[in-house]
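The values are calculated or read from the model by the stated rules, or taken from the named source; none is laboratory data. Just so we're clear, the structure is a prediction, and the values are computed from it rather than from any experiment. Glycine gets a Cβ as well: all are built from the backbone with ideal geometry, and neighbour counts include every protein chain shown. In case anyone asks, the SASA skips ligands and DNA or RNA and just uses the protein heavy atoms, side chains included. Shrake-Rupley method; radii C 1.70, N 1.55, O 1.52, S 1.80 Å.
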Amino acid sequence: MSSPNIKAPAEIVSINPADGSEAGRVPETSPADLDAIVAAAWTAYRTSGWKDLMPHKRAEVLRAIADGLEAEKEDLARKQMRDNGKPLSECRGMVDYAVGTFRYYASACETLETEVTPPRGPYVSMTVLEPHGVVVAITPWNSPLMNDATKVAPALAAGNAVILKPSEDAPLLAPELLRVARARGLPEGLLQVIQGRGAAIGSALVSHPGVSMVSFTGGTETGRTIGVLAACKIMPVALELGGKSPHVVFADARRDLAVAAVIAGIFGSAGQSCVAGSRVFIEASIYDEVLAAIVARARTIRLAAPDAEGVEMGPLASFHHRERVEAFVARAQSEGGRILCGGARPEGAAYASGAYYPPTVIDGLGPDSLTCQEEAFGPVLVALPFADEADLIDQANGTAFGLACGIWTEDFRKGWRVGRALEAGSVWINTYKQSVTTTPFGGFKSSGIGREKGMDGLRLYTQVKSMYFGLQEAPFPVSK
Ligand code: NDP
């Protein structure tokens, strides 16, 4: 019998959204432990020798971490599948992505160059890149291991210590990353994982005076809160936030490719993707025809358990997230939207105990409706016609967001022109949702600040220091 005075440590339980079973549990971090966690990060930063290792030596450890993740690919993919319900094939792709990210930043940190700047006196002037110190990485539930790697790999490559806070809705993968990193030679304390509710422990961590930089991926409202906390400390912050990305089909597009991309762009990951192409703009002359093709394909998407044969869309990541998506669709109807397919929980025994929601296509709404302005973060596509380029640009740019866009046209000049005019951090012309570890990624407007991935994603975790070596032979005069 346990003593009434000894409190059992709190735990976060992850629920498998495919069937409501328990996917796993992790201990919740107590806010009372934050001081010790931050202090341990500083100790590791200052005493482990990590930041002073030659970059090619840090790279060896990063490559070993990549190898460790790769060796456990199937187990990690299955754990993520249970944690947030993504189809197994996507989860395997996420592990591959994380592996590639650690390998890329190993090479990037070995090859990152600084400048010798033009002198204006008897000295040699140059820049060096210093780590920030203790970086906090906060990640969402939709793609845990991938988002964790996108922050942790470059932050470590740059020489920082990292405190990683995953979402309480997908808490199982971050401890695995930590375990693999430690087993593959990362010094103790350089990476720590804390678990708990974002609004409580996440905010406390961001506000902590010992934290030097925050890198956040999540919703725009949370990003705003974190941005304010960072501003009060004059602390650098990177914010990768939400989107309402336009996916544009011109009359001259290859329609088979465009329709397939529109479908993949919104219904891949069940729409729980920051770059989901959630507004499809179709040139008026082909609107009915292309919309009919999109709806016909959406109806055939195989909605099934994440490990089922041929699954194309699994459940949403949690039962409470399904309620949010349902409320979004109900509001679309109250705004006058026509539900062309989906729009209600699927029926049948296969779906009864999971957080399933079908591909949903809506039209009949104006670009200023809340449905066209706010992110659903689910499998909900809203269709809008446009008259010409000017009308398209006006409508497509008419939201607070600016994360990504897709353009389908056979006219490369038009693709270039429209791509330059759309307010988005990533533009895909005759493709969609390509987001590779080697190419910068981030948002315009309320979709974020800063760029992750690519060399920009490594520089993000450094600060520039200017160094001067004096060459003068005579003492300085007091004034020149
Ligand atoms: P949230 O903003 O709710 O949460 C993201 C992370 O922040 C979670 O770990 C959460 O913890 C934590 N958090 C919540 N409140 C605070 C706070 N006040 N201080 C510190 N941390 C906090 O987003 P979701 O998890 O719901 O993710 C979905 C959103 O993320 C979508 O809007 C999507 O567009 C965006 N996103 C953006 C991406 C990008 O690269 N631009 C990529 C993927 C998603 P907890 O969950 O434990 O409360």
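Annotations for the structure displayed:
- Only helical runs count toward this figure. For the chain, summing -39,500 (n - 2.57) over DSSP H runs of n ≥ 4 and dividing by all residues gives -12000 deg cm²/dmol at 222 nm.
- The C-alpha atoms of the chain define a longest principal axis, and helix 173-183 lies at about 30 degrees to it.
- Remark: relative contact order (the chain) = 18 percent; criterion is Cα-Cα distance under 8 angstrom and separation of 6 or more residues.
- Backbone N within the stretch 447-480 under 18 Å of label point (7 Å from Ser125 Cα along the Cβ vector): 464-473, 476-477, 480
- Among Met313, Met54, the sequence by solvent-accessible area, most first, with a 1.4 Å probe is Met54, Met313.
- Amide H to amide H, with H built 1.01 Å from N, Val248 comes under 5 Å of Phe281, Gly406, Ile407, Trp408, counting only residues 5 or more places away or on other chains.
- Amide H contacts of Ile15 (H built 1.01 Å from N, under 5 Å, at least 5 apart or other chain): Ala23
- Spin-label model distance (nm) - Thr43 vs Asp456, 7 Å beyond Cα toward Cβ: 3.8
- Built amide H within the under 5 Å cut-off of Gln195, gap 5+: Thr29
- Helix 73-84 and the long axis of the chain differ in direction by around 60°, with both axes built from C-alpha atoms.
- Taking all protein chains as shown and a probe of 1.4 angstrom, Glu74 keeps an accessible surface of around 70 Å².
- Computed from backbone phi with θ = phi - 60° and the Karplus coefficients 6.51, -1.76 and 1.60, the 3J(HN,Hα) list for the stretch 147-160 is 5, 4, 5, 4, 9, 5, 4, x, 5, 5, 4, 7, x, 7 Hz; x is used for glycine and proline.
- Relative to the longest principal axis of the Cα atoms of the chain, the long axis of helix 412-421 makes an angle of roughly 70 degrees.
- A simple rule links phi to the HN-Hα coupling: the Karplus curve 6.51 cos²θ - 1.76 cosθ + 1.60 with θ = phi - 60°, which for the stretch 303-311 gives 8, 7, 4, x, 10, 6, 4, x, 4 Hz, with x for Gly and Pro.
- In order along the stretch 192-207, phi translates into HN-Hα couplings of 10, 10, 10, 10, x, 5, x, 5, 9, 6, x, 5, 4, 5, 4, 6 Hz, rounded to whole numbers, per the Karplus curve 6.51 cos²θ - 1.76 cosθ + 1.60 with θ = phi - 60° and x for Gly and Pro.
- A 1.4 Å probe run over the stretch 246-429, with the rest of the protein chains in place, finds 39 Å² accessible per residue.
- Calculated over the stretch 246-429, the projected area of the Cα convex hull averaged across directions stands at 9.9 nm².
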